[in-house]
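Visitor: My questions all concern the structure below.
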Amino acid sequence: MIVVNSVQTLRRLIQTHRDMGHRIGFVPTMGNLHAGHLSLVKTAKQHADIVVVSIFVNPTQFGPNEDFDSYPRTFEQDQALLEQEGADIIFAPEVAEVYPNWPNLTRVQVAELGNNHCGASRPGHFDGVTTVVSKLFNMVRPDCAVFGQKDFQQLAIIRRMTSDLNFDIDIIGAPIVREANGLAMSSRNGYLSTEQKEHASFIYQTLSWMKQQIENGERDYRALEQAAKQRLTEQNFKPDYVHVARQDNLEMAQDGDQQLVLLIAAFMGKVRLIDNMTLEI
Ligand code: AMP
């Protein structure tokens, strides 16, 4: 496994693989890797000959009061995990390598899909994501790229961006990896104590409860959202949003919609956790 910090070296290295006819798979991450990230690497290996993993804590996707400075940076541990998993190249650039004209940026903005859910609570977040992912796509020029369904809205936005900007890249969505208690794995779980992690699985339980209610015939989705919020509040979470949405365009679901996604964002203390669950009716 090779670690590369500069775009120029990365390009040269990848070109040698392309010349050999290798298919390039790409997994973008912000590091502090866990089993969720490693599942993306496994998936990438099934679809490509060479797997490139980027580790870059992207400043443009953090709001002014968010955790960019304190975001866990664990490069050596990440490197060991990726070596074990059989990744081929780690691309770990500095901020100045990715954004040479910082803070003046050309930005990529996807219309509409980023306006609601997390986009409404984190203004500018998805523009930061699409800006960095499009830059990384141009640096790596992969044949396929793998993203987690854990970030359901992000995956939808990246699919739209890839199509709208004619990137010739297959976007692959990988299932959510959870702890034994159901809590979706996340780098931000590292901010939680052991007891808090146990308690945080209530978000997953709430999603499962909502799914059950819909399967039992509940079709008043706005009332269901309110009831789920109330349950979260009673358990000392501060819900940011609880939404029943359509999988295809992420608009709020109405009775008659068939492919649904249940989306929750909730604070536990200062830590903002997100999770989701899909269902077909
Ligand atoms: P991050 O490092 O948090 O930016 O995440 C990098 C990639 O890993 C994104 O595509 C995430 O959706 C994905 N990811 C994060 N957590 C999980 C998880 N628990 N299961 C599956 N994929 C995940």
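Visitor: Between region 70-109 and region 121-191, what is the separation of their alpha carbon centroids in Å?
Guide: 14 Å
Visitor: With everything on Cα atoms, drop me the angle between helix 221-234 and the longest principal axis of the chain, reported from 0 to 90° to the nearest 10.
Guide: 90 degrees
Visitor: Sticking with the crude label model, points 7 Å out along Cα→Cβ, report the distance from residue 49 to residue 18 in nm, one decimal please.
Guide: Spacing of the two 7 Å Cα→Cβ label points: 1.4 nm.
Visitor: Within region 1-25, whose backbone N sits under 18 Å from a point 7 Å along Cα→Cβ of residue 170?
Guide: 18, 21-25, by backbone N distance to the label point.
Visitor: Something else about it: Distance between Cα centroids, region 231-270 to region 12-68: provide it in whole Å.
Guide: Each part's Cα centre sits 28 Å from the other's.
Visitor: Arrange the peptides 173-182, 114-123 so that the one whose residues have, on average, the most other Cβ atoms within 10 Å appears first.
Guide: Final packing ranking: 114-123, 173-182.
Visitor: For n ≥ 4 DSSP H runs only, could you compute -39500 (n - 2.57) per run for the chain, divide by its residues and tell me the 222 nm figure to the nearest 500?
Guide: Calculated from helices alone, the mean residue ellipticity at 222 nm is -11500 deg cm²/dmol.
Visitor: Kindly express, to the nearest 10 degrees and within the range 0 to 90, the angle between helix 35-47's C-alpha long axis and the longest C-alpha principal axis of the chain.
Guide: Taking Cα atoms only, the helix is inclined about 60 degrees.
Visitor: Right, here's the next one. Using the heavy atoms of the protein chains alone and a 1.4 angstrom probe, what is the accessible area of the chain per residue in square angstrom?
Guide: Spelled out: the 1.4 Å probe surface of the chain, per residue, equals 48 Å².
Visitor: Next up: Quick one: order 171, 2 from most to least accessible surface, probe 1.4 Å.
Guide: The ordering from most to least exposed comes out as 2, 171.
Visitor: Once both labels are modelled 7 Å past Cα along the beta-carbon direction, what's the residue 180-residue 198 spacing in nm?
Guide: 1.2 nm
Visitor: At a 1.4 Å probe radius, carbon and sulfur cover how many percent of the accessible area of the chain?
Guide: Exposed carbon and sulfur together represent 45 percent of the surface.
Visitor: What distance in nm separates the two pseudo spin-label positions at residue 233 and residue 251, each 7 Å out from Cα along the beta-carbon direction?
Guide: Using points 7 Å along Cα→Cβ, the separation is 2.9 nm.
Visitor: Angle check, please: helix 202-215 long axis (alpha carbons) against the longest principal axis of the chain (alpha carbons), in degrees 0 to 90, nearest 10.
Guide: 60 degrees
Visitor: Then there's this: For the full complex of protein chains and a 1.4 angstrom probe, list 238, 42 by accessible area with the highest value first.
Guide: The residues order as 238, 42, largest area first.
Visitor: Give me the percent relative contact order of region 187-276, please, defined on Cα pairs under 8 angstrom at least 6 residues apart.
Guide: Here the relative contact order equals 28 percent.
Visitor: For residue 95 and residue 112 in one chain, what is 0.36 nm times their gap in residues minus the Cα-Cα distance, to one decimal in nm?
Guide: 3.3 nm
Visitor: Also, quick follow-up: If I take R0 = 35 Å and measure r between the Cβ atoms of residue 278 and residue 1 in this structure, what FRET efficiency does the formula 1/(1 + (r/R0)^6) give, to the nearest 0.05?
Guide: Taking R0 as 35 Å, the efficiency between residue 278 and residue 1 is 0.55.
The values are calculated or read from the model by the stated rules, or taken from the named source; none is laboratory data. Given the structure is predicted, the values throughout are model-derived calculations rather than measurements. Note that we place each Cβ from the backbone using ideal geometry, even for glycine, and neighbour counts take in every protein chain shown. Calculation scope for accessible area: heavy atoms of the full protein, side chains included, ligands and nucleic acids excluded. Shrake-Rupley method; radii C 1.70, N 1.55, O 1.52, S 1.80 Å.
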